[in-house]
1. Being touching a residue at least 12 places away in the same chain (Cβ under 8 Å) and buried (at least 16 other Cβ atoms within 10 Å of the Cβ) is the filter here, so list the residues in the range 122-140 that pass it.
2. Can we say Asp268 is among the acidic types (Asp, Glu) and either within 16 Å of ligand 2 (Cβ to nearest atom) or under 17 Å from Ile180 (Cβ atoms) (or both)?
3. Would you pick out the residues in the range 306-320 that are open to solvent by 10 Å² or more (accessible area, probe 1.4 Å), away from ligand 1 (no atom under 12 Å from the Cβ) and not in a helix (DSSP H, G or I)?
4. Looking at the range 151-161, is at least one residue free of Cβ contacts under 8 Å to residues at least 24 places away in the same chain and either part of a helix (DSSP H, G or I) or open to solvent by less than 10 Å² (accessible area, probe 1.4 Å) (or both)?
5. In the range 89-119, which residues are part of a helix (DSSP H, G or I) and either crowded, with 24+ Cβ neighbours inside 10 Å or not assigned by TED's automatic domain parsing to the domain that holds Val279 (or both)?
6. Name the single residue, out of those in the range 37-48 being part of a loop (DSSP other than H, G, I, E, B) and at pLDDT 85 or above, that is farthest from Phe69 (Cα to Cα).
7. Going through the range 262-298 one residue at a time, which ones are outside any helix (DSSP H, G or I), touching a helix residue (DSSP H, G or I) at 6+ places or on another chain (Cβ under 7 Å) and within 14 Å of ligand 1 (Cβ to nearest atom)?
8. Go through the residues of the range 10-26 one by one and say whether even a single one is in a strand (DSSP E or B), modelled with pLDDT of 90 or more and either outside the structural domain of His262 (by TED's automatic domain parsing) or not aromatic (Phe, Trp, Tyr) (or both).
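The values are calculated or read from the model by the stated rules, or taken from the named source; none is laboratory data. All values derive from a computational prediction rather than experimental measurement. We place every Cβ from the backbone using ideal geometry, glycine too, and count neighbours over all the protein chains shown. To get the accessible areas, we keep the full protein, side chains included, count just its heavy atoms, and leave off ligands, DNA and RNA. Shrake-Rupley method; radii C 1.70, N 1.55, O 1.52, S 1.80 Å.
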Amino acid sequence: MIMVLKKESTSTQVDHLISWLKGQGLEVHIFPGDKGTVLGLIGDKKKIDIELLAGLEIVEAVRDVTEPFKQCNRRFCPEDTVISVGNAKIGGGHFALIAGPCSVENEEQILQVARQVKAGGAELLRGGAFKPRTSPYDFQGLGAEGIRLLLQAKRESGLPIVTEIMNINALELFAEVDVIQVGARNMQNFDLLKELGKTSKPILLKRGLANTLKELLMSAEYIMSEGNQNVILCERGIRTFDTYARNTLDLTAVPMLHELSHLPVVVDPSHATGKAGLVPPMAMAAVACGADGVMVEVHNDPLHALCDGAQSLDPEQFADLAKKIRALRSVI
Ligand code: PEP
Ligand code: MN
């Protein structure tokens, strides 16, 4: 439920109302805005007398949020959420380009790619240390050593880093990681989401291979309901009947999620398409339909990548794409 307060209400009146609501056992989220403060209320609705609230002198309107997702709901918080990571900002008109290899392979590779993507125009460096591979016989990532190398690349390049967590027991290794990624395969690992909700780290939450937008938003809600409001949604393609591309990039998700939620939306055209040649056009399409960021896989030697080489851009292709994205953003 949300309460829109009148613009002319004083801070004493607002504070008084908030403490009264809290006294009723409600969780109160406060969103100050130009048109007056909006209060988001979470709690047992049966205990609330809506007529009474609506009749209060400083209340403009009381509205029920009927969707099951509350804290990530656009109606709960009308302003776009902006997430700051290092010097980068994502959401509310701010755009970030995230680039790097599928997996951290060795020191030379990650340091070189970090330098190259920075020079090309990336604001964040990505790289997997813990890899969710379909086959147990494939490269599983360097684990803790991969995180150590990413932190070295962060220090040397100055780029904030994004990397995936698969098991909450590894959380202490992520202390200096800037954005924790929850991969498509873990989108509904609710225990993991709840634990990440107890941290204050930005979480890049990827849409599951066969999950609806409502399910994605409910997973964001799991993180937010534990206190962490720093969630970035990521569309990375869903499984459909076509087999030419690795997945089907659902770009409708971008404007739809913006309508439903105030959280930033990033698009990953690399896992969505599986083919390097399809990445630039789909990245441009993502920008054109309003994505707050694009995450692409870049490798210094795609032919010899240990993971996802076919969908990885080389540094030159990445720099070219970054230039085109800047040009496109300047006209939309
Ligand atoms: C990744 O980004 O490294 C990854 C494994 O992606 P996804 O979870 O979308 O498959
Ligand atoms: Mn990959």
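1. The answer is Ala122, Glu123, Leu124, Leu125, Arg126, Gly127, Gly128, Ala129, Phe130, Lys131.
2. yes
3. Residues satisfying the conditions are Leu306, Asp314.
4. Looking through the range 151-161, at least one residue is free of Cβ contacts under 8 Å to residues at least 24 places away in the same chain and either part of a helix (DSSP H, G or I) or open to solvent by less than 10 Å² (accessible area, probe 1.4 Å) (or both).
5. The answer is Ile110, Val113, Ala114, Val117.
6. If we take residues in the range 37-48 being part of a loop (DSSP other than H, G, I, E, B) and at pLDDT 85 or above, then Thr37 is farthest from Phe69 (Cα to Cα).
7. Val267, Gly274, Val294, Val296, Glu297, Val298
8. No, every residue in the range 10-26 fails to be in a strand (DSSP E or B), modelled with pLDDT of 90 or more and either outside the structural domain of His262 (by TED's automatic domain parsing) or not aromatic (Phe, Trp, Tyr) (or both).
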